[in-house]
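Since the structure comes first, as structure tokens, the remarks are kept for the end.
Quick note: the coordinates plus some simple rules give every number you see, no bench work behind them. In this text, all values refer to a predicted model and were calculated from it rather than measured experimentally. When we count neighbours, we look across all protein chains shown, and the Cβ atoms used for this are built from the backbone with ideal geometry, even at glycine.
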Amino acid sequence: MKSFIRSIGMVFLTCLLQVLIFRYGIFAGGWVVTCFHIYGLILLPTELSKTSCLMIGALVGASIDVVLLTGGLHMSAGIVTCFMTPWLTTFIAPREGFIREHSISVLHDGWGRFLALSSLISFVYMFTLFAVEGWKWSLLPSAIGKGIASTTMNVILFAIFQGLFGPKPKSKSHTTSTYHW
Amino acid sequence: MRTLIQLIIRNHRLVLFVLLEMIALSWVASTHAHPRGNLAKIGMEMSASWTDAVGRTINFKNLKENNSSLLIENSRLRTKNLGYQNRSITNTISKFGGAWKSTPAEIVRYSTSFKNNVLVANQGSLSGLRPGMGMLENGVVAGLITEVSENHSLVLPVIHLNTNWSVRLGCFGAVGILNWSGESIEYATLTDIPLSEHILPGDSVITSGFQGTFPSGILVGKVEELIVTEADEFQSVTIKLSANYKKIHYVEFMSKKDSAEIDSLLITTAQ
């Protein structure tokens, strides 16, 4: 439960950062778009029910749409992403599965798994976003290109945040005094 | 039917996904293809209120600075506007119409609960202020400078027992003297109005411009009620003052560029 509340707080925080700061992160003529709120979706607990995940994705997307005036694009992308997230998580999960109340982190799962899951989720999100935005079959190749470019940028951003603010290993230094007072 | 319900329950996640996706795509369609769609309108309204709330939160700390810059801008525009008004009058009535200049300031000390109230503004002689200049609050008459130091000015507001103000009823009405009775800070009394003058509650009371303190036509207040005494040849009028002394903060001081020339003429005549 504690993990779930922390994750919801993280989702809210990432949405806030997206709205206040990262909304301006649009580069290379719209080919690279920053969507920091995906980081909140990545950090959702792995044992979260698929229905809850779907609802959270829809709510996050709708909230971003309302603020950024993107008219349903983020909601659509959020729903598709959160619908696929449980399968994507299973895809990269270790053989024995994730431990209970677990949200992915570099400390527990290593850089490989974190970057793989971030890339998959980001790509699904960004591809859906650009595909729905294009609304034409002929624009799907450019949606894939934009998806890859934006995913690269976003994953770098998530890695930086994970490195700076992610869970840290507990200090191994011995705190007991060597002197026998 | 039961089978259908069981099927929906069994695949509720898929059904929910399709339902939510349909909502999202219809939103996309309404905002991209038909911008006047209801969903788009709701989205726009919500977005506007959200952005407004976020913007207000962000800009709150800049409010004072924004107010000051608005005051300066307002003052500059008023000076320009009065210059244009005088120019048009110059062409038709007088050859030598004087230009008015507005100087913005902030009230830093004030009293409204005494009989002889005073205000202190944060601009003084260094900003070009001098005794005799009129003070406007939100574009309406509020007071008059009596003393200036280098950085501050002492202002007598309309709500001061020892002040008299030359005002006019409407654009072409009679000129009378406005003074404050010392009772309520919202009301003052206009005297010396001939009985022949037809006055109605709600009529505007504006500056006459004869004192040289304000340009003519600046709003002072509105007529609240008439006080007529049978034995008297004049009638009195209770005026509801337009200046809000409870919330007074940002003000402007009016100065006429050729007032020194007019003053020298008056002194010569008096001698």
Checklist entry - Once both labels are modelled 7 Å past Cα along the beta-carbon direction, what's the B:LEU7-A:ILE160 spacing in nm? => result 5.1
Next on the checklist: Tell me the angle of helix B:259-270 to the major Cα principal axis of chain B, expressed in degrees between 0 and 90 and rounded to the nearest ten.
Outcome noted: 20
Checklist entry - Among A:9-22, B:18-31, how do they line up from the highest to the lowest mean number of other beta-carbon atoms within 10 Å? => result B:18-31, A:9-22
Checklist entry - Summing +1 for each Lys or Arg and -1 for each Asp or Glu, what net charge is found among the other residues whose Cβ lies under 13 Å from the Cβ of B:THR191? => result -4
Item to check | chain A: calculated mean residue ellipticity at 222 nm from DSSP helix runs of at least 4, using -39500 (n - 2.57) | outcome: -22500 deg cm²/dmol
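How big is the Kirkwood radius of the range A:1-126, worked out from every pair of different alpha carbons and given in Å to one decimal?
Numbers: mean 1/r = 0.0678 Å⁻¹.
Taking every pair of different Cα atoms in the range A:1-126, averaging 1/r and inverting gives 14.7 Å.
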Checklist entry - Once both labels are modelled 7 Å past Cα along the beta-carbon direction, what's the B:GLU197-B:GLU150 spacing in nm? => result 4.5
Next on the checklist: If I model the protein assembly as shown as equal point scatterers sitting on the Cα atoms and use the Debye formula, what is log10 I(q)/I(0) at q = 0.08, 0.12, 0.13 Å⁻¹?
Outcome noted: -0.71, -0.95, -1.06
Checklist entry - Magnitude of the Cβ-charge dipole of the range B:96-198, K/R +1 and D/E -1, about the Cα centre, nearest 20 debye? => result 200
Item to check | Rounded tilt (10° steps) of A:73-92 against the dominant C-alpha axis of chain A | outcome: 50
Checklist entry - Taking θ as phi - 60°, what are the ³J(HN,Hα) couplings along the range B:219-228 by the Karplus curve (6.51, -1.76, 1.60), each to the nearest whole Hz, with x for Gly and Pro? => result 5, 10, x, 10, 5, 9, 7, 9, 10, 10
Checklist entry - When the Cα centres of the range B:219-247 and the range A:6-58 are compared, how far apart do they sit, in Å? => result 63
Checklist entry - Quick one: Kirkwood hydrodynamic radius for chain B, alpha-carbon pairs, angstrom, one decimal? => result 22.9
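Across the residues of A:80-86, average count of Cβ atoms on other protein chains within 10 Å? Working shown, then result.
Numbers: counts 4, 0, 2, 7, 1, 0, 1.
Taking all residues of A:80-86 together, the mean is 2.
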Checklist entry - Short version: ³J(HN,Hα) in whole Hz for each residue of the range A:149-166, in order, from phi by Karplus 6.51 cos²θ - 1.76 cosθ + 1.60 (θ = phi - 60°), x for Gly and Pro, what are they? => result 4, 5, 4, 4, 4, 5, 5, 4, 4, 5, 5, 4, 5, 5, x, 7, 10, x
Next on the checklist: Sort A:75-85, B:240-250 by the packing proxy (mean of other Cβ within 10 Å over each peptide's residues), most packed first.
Outcome noted: A:75-85, B:240-250
Checklist entry - Given H placed on each backbone N at 1.01 Å, which residues far from B:HIS160 in sequence or on other chains put an amide H within less than 5 Å of it? => result B:TRP180
Checklist entry - When the helices in chain B are scored as -39500 (n - 2.57) per DSSP H run of 4 or longer and the sum is shared across all residues, what 222 nm value do you end up with, to the nearest 500 deg cm²/dmol? => result -12000 deg cm²/dmol
